[in-house]
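Every read-out reported here was derived from the displayed coordinates using simple, explicitly stated rules and does not represent laboratory data. Predicted model, so just to flag it, every value in this text is computed and none were measured. Here Cβ is always computed from backbone atoms with ideal geometry, including for glycine, and neighbour counts include all displayed protein chains.
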Amino acid sequence: MRPDDPFDDPVTARAVIAADGTLVRWNEGARLLLGHSAEEVVGRPAADLLAAGAAPPPAPSGTRWNGTLALRHQNGGTVTVWVLAHRVRREDGGTGDWLAVTPLGSGKTDPAEDPLLRAAMYQSPCATAVFDRDLRLRGVNDAMAALLGLPAHQLRGLRPTELGGRPRYFELERHMSQVLQSGRGHDMQTRARPSGAGRTQAWLARIAPLTDDGGRVAGVCVTAHDFTEQYSSRARLQLVNEASIRIGTTLDVTRTAQELAEVCVPALADFVSVDLLEQNDLGTDATDPPTLPVVLRRVAHRSHDPGGFESIADPDEVIVYPATAPQADSLIAGHSVVASVPSGDLNPWLAADETRARQVRELGVHSILSVPLQARGTTLGVAVFTRFRHPESFTHDDVLLAEEVTARAAVCIDNARRYSRERETTRTLRRSLLPRGLPRTAAVDSASRYLPAARSGVGGDWFDVIPLSGMRVAIVVGDVAGRGIQASATMSRLRTAVRTLADIDLAPDELLTHVDDLVLHLAHESAGDGDGGRGEAADGGHGEVGATCLYAVYDPVSRRCTLARAGHPPPVLVPPDEPARVLDLPSGPPLGLGGLPFESVELELSEGSVLAFYTDGLTEGPAGAPEAGRPALTDALANAASGSLDEACDRVLGTLLGPGSRTEDAALLLTRTRGLPSSQVATWDIPADPALVSPVRKQVLDQLDVWSLAEASFTAELVVSELVTNAIRYGAPPIRLRLICDAATATLICEVSDTSHTAPHLRRAKTWDEGGRGLLLVAQLTQRWGSRHTAEGKTIWAELGPLEQEEP
């Protein structure tokens, strides 16, 4: 025997028979048994070895056969032997040859006289087999023989690999060799279907060394324990634990449903689908079933075969289930329903759906489990588990396991559904609070971006572009501390307040002072919400409502911009043909501190300059430093003065934020300044003499002819006459009249300024009043009108337009 070829072991007679019945291998043990050498029999039909008149063995029905055969000895005699034959699997998975083995000397030794076997038989409480140091079977008890499905008295002398050709026998022999060498026991788990068993069971094989009186390892004892219940319980517990970890990792309905399907395939079923009711069809109570036929939407499915076609519906496709479908039956009954093909439960449904019936036949589907998805008293949909590769139908334990997993998933799906609904609500609120679009003005071109934080979905960042009188424009950006609905509500109140104060043309520092008072008032209200309206927090202080703001006013006539900020990051200025720089502005205290002044700074801007307003979420670094990203911001704005503002916005966001999730809201507002040509502005100094009003009207009419606005002469003449007369009568010199023509919008603006701080008020004149009708007439004839206070006095203005210009 060659030491590297265990096939030549002479203790067992071995022969390998090809599929065509030809002998391809013959070992030394076979020669000792029948006297034929390998050269005499290899390549010849194995049937030639049968004794004369002996019946050939029956064709095997499986992968293993055993029985008694009468074989022909070389000397012409007959040898009756017990033969065990089984197919040996090839490495490529194909059908292998037959390995036939016969223990030599079988029956020569009484098992009862073997001390090793006797000790093992008495000490082992379950299926037991004893092997010697050569891994030859010395004996088995009845339990082990029943497990193997072979007669116990015929197995002596066989090795584990000779008992069967499956990989588990090779693994068993390898572990037994290790136990012989180390002297330490080893446990091996495997799954097998015993002879006569209906389904595959889980077995624990305990391999223990057997020692002689001298303490030397003389053999091994193998005991097999059926731990199918423990194995199944552990598998169910593992699946439940995996479901708790893998299901609900996001607040996305589709992803959560897909996670349910992925967890259950292939551990529980071969195909899993999740169908949900439409949002409008969700029951308010789990006991209130949907109406028939049930309309569901396929949200997710998963197959054991990634390339399989088990689903006849695509994700997001609407499916209608009739009353005969197990899905509808489960939803109507409110509990799990198991339906199987052999029992005929699916026949009514399949009879009405030929496509599904053909799929069931082609795949070999034999059982379906439908489990309703219910959470917090609401029926959400149904999860369907299908088996066609699993040989067993769904058991009661499988139903309990599916119900537990789907119950966890249902809560996660409901959480995701509620979150999605609330997120959409907050996004709708957010969209309603921010400007839908920036107004087109003659003073600036503008573009903006707003990105909410990744998880909050709504915050307190805001911005606005507000047209003012005299073609001026106000630019504002702010940030309310915190996130959520409360921050958005506070932001909305501040935005409304800023627009209101901007309409009365307050200077930036004065406007921030009024907004600061409002934030203090909101802080008092916030403290009162938590203490029964006492107006103070529990610690005796006020509630905290923090906010920052930057307010700027740009005048295209003078090309001057006045800015003031309350704790907000300074803007970035990009002049034409100059590098971008951060403006050095007095920071001012954040809104809500109260009692501290705000300072304004006035700058002259070149036409085409870009001002970048932003919130700290755009430039904040990982350590929370609000200025960490400002160098990158200035670099990203390098070409903003000449390029597209929208492209500049995208470039800034791509540079500073990147693809990662954001922890803070980020707002960006870019404005490019315009200048109004001097040809579109006319100014006159008016002496305080009512007799000079008529010449002024004549000059106004001449200017309108120059601007091709003769159609507006009548209205403009009345407005100028009324405003100039009022300034002469009730104002204080010097008095100045200014006309501004916005050619882009065909708008005419009339402004009359004087040094008096007394502003006129619109009132309805009584029948016998001599005055009081002029401003009412102005209000009726113009698009809008108003007054604003300046450092020198006040300005009354009126806007006419849009007007029709004459063709030149």
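Quick notes
- Amide H contacts of Ile319: Leu296, Arg297, Arg298, each under 5 Å away and 5 or more positions distant or on a separate chain (H built 1.01 Å from N in the peptide plane; Pro and chain starts excluded).
- Farthest toward the positive end of the dipole of the chain, out of Ser448, Pro56, Ser469, is the Cα of Pro56, where the dipole comes from beta carbon charges about the Cα centre.
- Adding -39500 (n - 2.57) for every DSSP H run of four residues or longer, then dividing by how many residues the chain holds, sets the calculated 222 nm ellipticity at -9500 deg cm²/dmol.
- Relative contact order for the chain, counting Cα pairs under 8 Å that sit 6 or more residues apart, in percent: 6 percent
- For Thr379, the residues whose amide H sits under 5 Å from its own are Gly283, Asp285, Ala286, ignoring neighbours fewer than 5 places away on the same chain, with H placed 1.01 Å from N.
- Under conditions of 20 °C and 1.002 mPa s, the range 6-103 yields 157 µm² s⁻¹ as its translational diffusion coefficient, taking Rh as the Kirkwood radius over Cα pairs in the Stokes-Einstein equation.
- Taking Cα centre as origin and charging only the Cβ of basic (Lys, Arg, +1) and acidic (Asp, Glu, -1) residues, the dipole magnitude of the range 317-433 rounds to 800 debye.
- Cα-centre dipole for the range 232-422 with unit charges at Cβ (Lys and Arg positive, Asp and Glu negative), debye to 20: 300 debye
- Using 0.36 nm per residue and subtracting the Cα-Cα separation, the extra length available between Ser37 and Arg206 on full extension is 56.9 nm.
- Taken over the chain, the alpha-carbon convex hull comes to 330 cubic angstrom per residue.
- What the pair-distance distribution of the range 678-800 shows, using all Cα-Cα distances binned every 5 Å from zero, is 2, 11, 23, 24, 21, 13, 5, 1, 0 percent.
- Cα long-axis angle, helix 485-503 against the chain (0 to 90 degrees, to the nearest 10): 20 degrees
- Residues Ser432, Ser609 arranged by fewest to most Cβ contacts within 10 Å: Ser432, Ser609
- Rounded to the nearest 20, the Cβ-based charge dipole of the chain about its Cα centre (Lys and Arg +1, Asp and Glu -1) stands at 2520 debye.
- Point-to-point label distance, Glu354-Asp503, nm (Cα→Cβ direction, 7 Å offset): 7.0 nm
- In this calculation the C-beta distance from Thr790 to Ser420 is compared with R0 = 60 Å, giving a FRET efficiency of 0.70.
- Reduced Cα scattering model of the range 310-385, Debye log10 I(q)/I(0), q = 0.14, 0.17, 0.18, 0.19 Å⁻¹: -0.45, -0.67, -0.75, -0.83
- If R0 is 56 Å, the Cβ-Cβ spacing of Arg560 and Glu278 corresponds to a FRET efficiency of close to 0.45.
- Net length gained if the chain between Val88 and Gln699 were fully extended (0.36 nm per residue, minus Cα distance): 208.5 nm
- Charge dipole of the chain about the Cα centre (unit charges at C-beta), most positive-ward option of Thr683, Val220, Gly588: Val220
- Sparse packing (at most 14 other Cβ atoms within 10 Å of the Cβ) combined with a DSSP loop state is found for the following trypsin sites (Lys or Arg not before Pro) in the range 438-523: Arg440, Arg455.
- Fully extending the segment from Ile245 to Ala70 would add 56.7 nm, taking 0.36 nm per residue of separation and subtracting the current Cα-Cα distance.
- Karplus (6.51, -1.76, 1.60) ³J(HN,Hα), θ = phi - 60°, over the range 178-185, in Hz, Gly and Pro reported as x: 5, 5, 4, 7, 8, x, 10, x
- In degrees, nearest ten, helix 645-656 long axis to first principal axis of the chain (Cα): 50 degrees
- Backbone N atoms of the range 42-65 closer than 18 Å to the 7 Å Cα→Cβ label point of Asp20 belong to residues 42-49.
- Take each peptide in 179-187, 502-510, count the other Cβ atoms within 10 Å of every residue, and average; sorted highest first, the result is 502-510, 179-187.
- Protection proxy ranking, peptides 200-208, 567-575, 690-698, average beta carbon neighbours within 10 Å, highest first: 567-575, 200-208, 690-698
- Cα gyration tensor shape for the range 124-193, rounded if a/c is under 1.5, else prolate or oblate: rounded
- Principal-axis analysis of the Cα atoms of the chain puts helix 228-246 at an angle of about 10° to the longest axis.
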